[in-house]
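Structure record follows, encoded as structure tokens.
Coordinate-derived values only; no laboratory data. Being a predicted model, the structure only gives us computed values, none of them experimental. Glycine gets a Cβ as well: all are built from the backbone with ideal geometry, and neighbour counts include every protein chain shown.
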Amino acid sequence: MTSAPFDERLEQILATTAKVFAAKGFHPTTMRDLSRATGMSLAGLYHYIPGKEELLYLIQERCFQRVIAGAASAVSLGTSADDRLERFIRHHVAFFARHMSEMKVLSHEANSLTGKRLADINALKRRYFEMLRGLTSDVESDHAAHHDPHVAAYALFGMMNWIYNWYNPAGPLPPEALAERFAQLFMFGLTSPAPSTASHGG
């Protein structure tokens, strides 16, 4: 693996580090823990990053950049306000169902960064939140509802971001099916019949 390109090797380091941070927590984890987990020497790790906080920053920064880009792409295919919101929900849940360790790190280590790193991540969070807030606002406008889009966005994130506590990606419910159930539950509730999703696509 030492011959892998720099970026590819860094991605492997970040994926392994996310699992360690998720299991042990950022602050109790040492660089020696990460050295053992990655199978690299301390010197080898420091070749890629200057320290533990940079690893935490990169995990969060890359995760947010990818989920934002993926959500923007998914939403762009929507044909109505409802459809765009459903696509956002399905993308978010499916993405994090495949990145459970990163989701836990984002949730539990939100305030473990400092300085510019923290400011950068908070800016990405605001950007992502505003994307969802805009979508909920559009849906409510279409239906002449009188709800606060901020409340709707926070409620939806609260529901979606809890899955790392109970969802098993290796279980009987695959990520896409979980994502679809979340979309239908939020859009139509428990008692209202949901329309066919056959026309939604990816």
In debye to the nearest 20, how big a dipole does the chain give about its Cα centre with +1 on each Lys and Arg Cβ and -1 on each Asp and Glu Cβ? 680
Restricting to DSSP loop positions (anything but H, G, I, E, B) with no more than 12 other Cβ atoms inside 10 Å of their own Cβ, which chymotrypsin sites (Phe, Trp or Tyr not before Pro) remain in the range 144-176? TRP162, TRP166
Spin-label point model (7 Å from Cα, Cβ direction): what's the LYS19 to MET159 distance in nm? 3.2
Pairs of Cα atoms under 8 Å, at least six residues apart: use those to get the relative contact order of the chain, whole percent. 24
Per-residue ellipticity at 222 nm attributable to helices in the chain (runs of n ≥ 4 DSSP H, -39500 (n - 2.57) apiece, nearest 500 deg cm²/dmol) works out to -22500 deg cm²/dmol
Within the range 1-103, list the trypsin sites (Lys or Arg not before Pro) lying in a DSSP loop whose Cβ has at most 15 other Cβ atoms in a 10 Å radius. ARG98
For Rg and Dmax of the Cα atoms in Å, which listed value, [x] 16.2, 48; [y] 18.8, 60; [z] 16.5, 53, comes from the coordinates shown? [y]
Inter-centroid distance (Cα atoms) of the range 91-149 relative to the range 154-193, Å: 16
Tell me which of VAL139, TRP166, SER41 sits at the most positive position along the dipole axis of the chain, charges placed on C-beta atoms (Lys, Arg +1; Asp, Glu -1). SER41
MET187 versus GLU11: modelled label distance in nm, points set 7 Å from Cα along the beta carbon direction: 3.1
List, in order, the whole-Hz ³J(HN,Hα) value for each residue of the range 155-169 obtained from phi through the Karplus relation with A = 6.51, B = -1.76, C = 1.60 and θ = phi - 60°; use x for Gly and Pro. 5, 5, 4, x, 5, 6, 7, 9, 5, 5, 7, 9, 7, 10, x
